[in-house]
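The values are calculated or read from the model by the stated rules, or taken from the named source; none is laboratory data. Keep in mind the model is a prediction, meaning the values are calculated, not measured. Note that we place each Cβ from the backbone using ideal geometry, even for glycine, and neighbour counts take in every protein chain shown. Heavy atoms of the whole protein, side chains included, go into the accessibility calculation; ligands, DNA and RNA do not. Shrake-Rupley method; radii C 1.70, N 1.55, O 1.52, S 1.80 Å.
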Amino acid sequence: MEDHLTHTNPDTDLHAMGEMHEHPTWKQYKWVALILTILTVLEVWVYYTPLQNTPLFTPVLLILSVIKFAIVVMFYMHLKYDHRLFRALFTGPLAVAIITLISLLFLFGAFSVQRK
Amino acid sequence: MTTAAIPHAHPATTTGLDHRKVAIWTFIGSECMLFASLISTYLIYKGRSVVGPWPHDVCNPPVCAVHMKAILNIPVTSISTFVLLMSSLTMVLALAAVENRGKRGYEGLLGNSKLWLLSTAILGTTFLGFQAYEFTSFVHEGLTIRTNLFGSTFFTLTGFHGAHVTAGVLWLLTLFAIDVKRGLQPKDALLVDISALYWHFVDVVWVAIFTLVYLIH
């Protein structure tokens with residue numbers, strides 16, 4: 001008797017289940033590490049430049065940080081290649097966390113206090 | 001883009017996905033909430049300490065009579081940040097070594113999962129060493145968890161992160177012990193994958209802390 005599973009393509013089934021996912025290669029990991037290192041050096045460099053006395057200082061650092069965060073999550077955590085449920089399980093709570101953080105900062109007047 | 005396809009076998013589930021992987025992503029999602037609350041507490045109380053030491057330079061002569069020196073050591077923390085970023089690289093290499101064991105191109109150094117797992121654990125421990133140095137020097141300079149709002153929120157936030165790194169190092173050493181004892185095979189890749197996800201999460205949390213706590217003032 002022929003089993004019904006013999007008619008299916010295991011690779012296709014695994015893809016459908018999100019279990020057959022693709023990971024970057026060693027060379028790509030190496031490039032990712034290099035980019036992360038450059039971004040970290042850039043962050044520290046910005047900290048020691050006259051840019052720190054301008055209104056651009058905080059946005060530049062935040063953008064660099066967000067880029068680093070996204071690169072690690074997409075390539076090292078494989079979220080770019082993984083099942084969309086995993087993406088939802090991470091980005092959903094992350095969005096709630098960021099909204100909560102910003103709301104709390106406004107609520108407690110963190111943007112209006114004289115910094116020390 | 002050239003990529004390597006990785007099949008993971010597991011018992012049938014309603015989602016079609018391995019429950020362990022769903023669980024770790026759910027856990028990581030909840031951890032986002034935890035660290036967001038700790039970071040927001042730090043940011044809310046930032047600049048509200050009545051007494052020093054303060055995180056950044058607050059006042060220099062001639063504006064103030066006394067120079068209030070910043071306590072945060074950016075060069076040292078930059079090195080520890082780099083160490084943690086490199087540990088993420090060794091972690092993905094450990095996962096790739098286990099997933100591709102026996103495959104072409106993974107016979108030598110690249111396929112040595114023991115080396116990469118141990119390297120990750122050592123880099124994690126080095127990061128903890130930097131943190132221990134930082135905490136000790138702060139205490140010597142008069143900053144404890146009870147000194148002021150900065151001390152309370154800073155030690156709570158970075159202490160929680162350090163505790164997560166410690167848990168990660170223990171997890172990695174456990175995997176290393178398993179690898180030494182019986183050798184991790186491609187069928188065990190999910191075990192390494194789950195620990196890698198946790199480790200990278202600890203790394204991205206530090207990416208946020210480094211910018212929000214150490215660099216932005």
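Distance between the modelled labels on B:Phe160 and B:Glu107, one decimal in nanometres: 5.0 nm (7 Å Cα→Cβ projection).
Under a Gaussian network description of chain B, with springs only between Cα atoms under 10 Å, the residue in B:Thr26, B:Thr126, B:Thr81 that fluctuates furthest is B:Thr26. Of all lysines in the structure, the ones whose alpha carbon falls short of 21 Å from that of A:Lys30, not counting any fewer than 8 places away in one chain, are A:Lys68, A:Lys80, B:Lys103, B:Lys114.
Calculated accessible area for chain B comes out at 41 Å² per residue, all protein chains present (probe 1.4 Å; ligands, DNA, RNA ignored). Between B:Ala132 and B:Leu170, the C-beta separation translates, for a Förster distance of 22 Å, into a calculated FRET efficiency of about 0.85.
Taking every alpha-carbon pair under 8 Å whose residues sit at least 6 apart, chain B reaches a relative contact order of 28 percent.
For B:Lys69, a cut-off of 28 angstrom between C-alpha atoms picks up these lysines, skipping any fewer than 8 places away in its own chain: A:Lys116, B:Lys46.
Placing a pseudo-label 7 Å from each Cα along the Cα-to-Cβ vector at B:Thr13 and B:Lys69 gives an inter-label distance of 5.3 nm. Binning the alpha carbon pair distances of the protein assembly as shown at 20 angstrom intervals from zero yields the distribution 29, 53, 17, 2, 0, expressed in whole percent.
Using a simple spin-label model with pseudo-atoms 7 Å out from Cα toward Cβ, B:Thr144 and B:Phe27 lie 3.4 nm apart.
Which residue, B:Ala97, B:Ala189, B:Ala12, tops the fluctuation ranking in a GNM of chain B built on C-alpha contacts under 10 Å? Taking springs between Cα atoms under 10 Å, the residue moving most is B:Ala12.
Apolar share of the accessible surface for the protein assembly as shown: 70 percent from carbon plus sulfur atoms, 1.4 Å probe.
Go through B:138-145, B:103-110, A:86-93, B:204-211 and give me the packing order, highest mean Cβ count within 10 Å leading. Kindly include the intermediate steps, with their values, before the conclusion.
On the way: B:138-145: 14.9, B:103-110: 11.9, A:86-93: 17.5, B:204-211: 23.4.
The packing order, highest mean first, is B:204-211, A:86-93, B:138-145, B:103-110.
Name the residue farthest towards the positive end of the dipole of the protein assembly as shown from the options B:Thr144, B:Ala36, B:Thr14, assuming +1 on Cβ of Lys and Arg, -1 on Cβ of Asp and Glu, about the Cα centre. Value: B:Thr144. Potential lengthening of the chain between A:Ile67 and A:Trp45 amounts to 6.3 nm, from the contour at 0.36 nm per residue minus the alpha-carbon distance.
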